1. At least 2 residues that are touching a residue at least 12 places away in the same chain (Cβ under 8 Å), aromatic (Phe, Trp, Tyr) and in contact with a strand residue (DSSP E or B) (Cβ under 6 Å, 6 or more places away or on another chain) in each: list the strands (runs of 3 or more DSSP E) lying fully within the stretch 230-303 that qualify.
2. For the stretch 179-206, give me the residue count where each residue is more than 18 Å from residue 149 (Cβ to Cβ) and either among the basic types (Lys, Arg) or surrounded by 16 or more Cβ atoms within 10 Å (Cβ to Cβ) (or both).
3. Hey, among the residues in the stretch 2-33 that are among the hydroxyl-bearing types (Ser, Thr, Tyr) and in contact (Cβ under 8 Å) with a residue 12 or more places away in the chain, which one's surrounded by the most Cβ atoms within 10 Å (Cβ to Cβ)?
4. I'm told residue 211 meets every condition in (1) loosely packed, with under 14 Cβ neighbours inside 10 Å; (2) assigned to a loop (DSSP other than H, G, I, E, B) except one. Can you identify the failing condition by its number?
5. Go through (1) at pLDDT below 85; (2) among the small types (Gly, Ala, Ser); (3) closer than 25 Å to residue 5 by Cβ; (4) assigned to a helix (DSSP H, G or I) for residue 108 and report which single condition fails.
Amino acid sequence: MKVDRLIGILSVLLQEEKVTAPELAEKFEVSRRTINRDIENLCNAGIPIRTVQGAGGGISIMDGYRMDRTILTSRDMQMILAGLRSLDSISGSRYYSQLMEKLQSGSSTFISGRDSMLIDLSSWYKPSLAPKIEIIQSAIERRNQLEFRYYAPSGESARAIEPYYLIFKWSSWYVWGWCVTKEDFRLFKLNRMDGVTETNHHFDCRSVPLPDLSNEKIFPGGISVKALFAPDVKWRLVEEFGPHCFSEAADGRLLFTADYTDMDNLVSWLLTFGAKAEVLEPTDVRDRIRHIAEALKNTYGRN
């Protein structure tokens, strides 16, 4: 893309004392004529670029501008590269890698030291997520509808949406768009989507509200939980709810209190602790776990 190339050229010029047009043409895989037009566009944008013809010549930014108006500091560049690297961890293409190579080119003094921040957004589902993300990105850019099959707690259904945003939140990927079926904006979890297809059905961009991604909106609470946990699962409570979600009971167990959103998810979560968790409240959760335990005993008690 032209804007990406202009940013890349400017980044190289800020890092290098001098560079030639053929060198830029080879780096950005375009013709020398294209580089000359790009330099002209940068000059028109107010960047004081100087060109010197002949042997020993080249393209450079005037020294005063380099000293007083440097756009990116070393720390700025480290943060940009960390962000690009995190996106590349889930990308199905080499776009972000190529962009990183362009930005990293030049003086090593500009990007000094080792990487201090490493972000990996991939997961066990990367083989299935990367193709979905690539399809959704394409549909968003081209303003084409998406079609897919969606699996939700309420059942499965065929959906068609106008996609607007790809979102990474709560350790998962989502797409925010206008659902043609529901005639409203909806948030869809990528791991619950199957058969994602970009259609040729073009749509006009709506006035799109940003999704409410607050924990209070998505996880409104409503179920007050009180349970006792064995001391050796403290690490899980700290990891999932923080160090202030429990106090130590007289018998050494951990008295856990929290608000939970969904009854089924709560029961499933508690069962992952086996006999190391005892629910005190609410009583209906305690009853459900007892019934499940009885059913498991009947199932596994058979010869």
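The values are calculated or read from the model by the stated rules, or taken from the named source; none is laboratory data. Just so we're clear, the structure is a prediction, and the values are computed from it rather than from any experiment. Quick reminder, even Gly has a Cβ in these numbers, built from the backbone with ideal geometry, and neighbours come from all protein chains shown.
1. Answer list for the stretch 230-303: 254-260.
2. Residues meeting the conditions: 3.
3. 11
4. Going through (1) loosely packed, with under 14 Cβ neighbours inside 10 Å; (2) assigned to a loop (DSSP other than H, G, I, E, B) one by one, residue 211 breaks only (1).
5. Going through (1) at pLDDT below 85; (2) among the small types (Gly, Ala, Ser); (3) closer than 25 Å to residue 5 by Cβ; (4) assigned to a helix (DSSP H, G or I) one by one, residue 108 breaks only (4).
Here's the yes/no breakdown for (1) farther than 30 Å from residue 166 by Cα; (2) surrounded by 10 or more Cβ atoms within 10 Å (Cβ to Cβ); (3) more than 25 Å from the chain's Cα centre (by Cα):
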| position | (1), (2), (3) |
| --- | --- |
| 228 | yes, yes, yes |
| 251 | yes, no, yes |
| 255 | yes, yes, yes |
| 265 | no, yes, no |
| 272 | yes, yes, yes |
| 288 | yes, yes, yes |
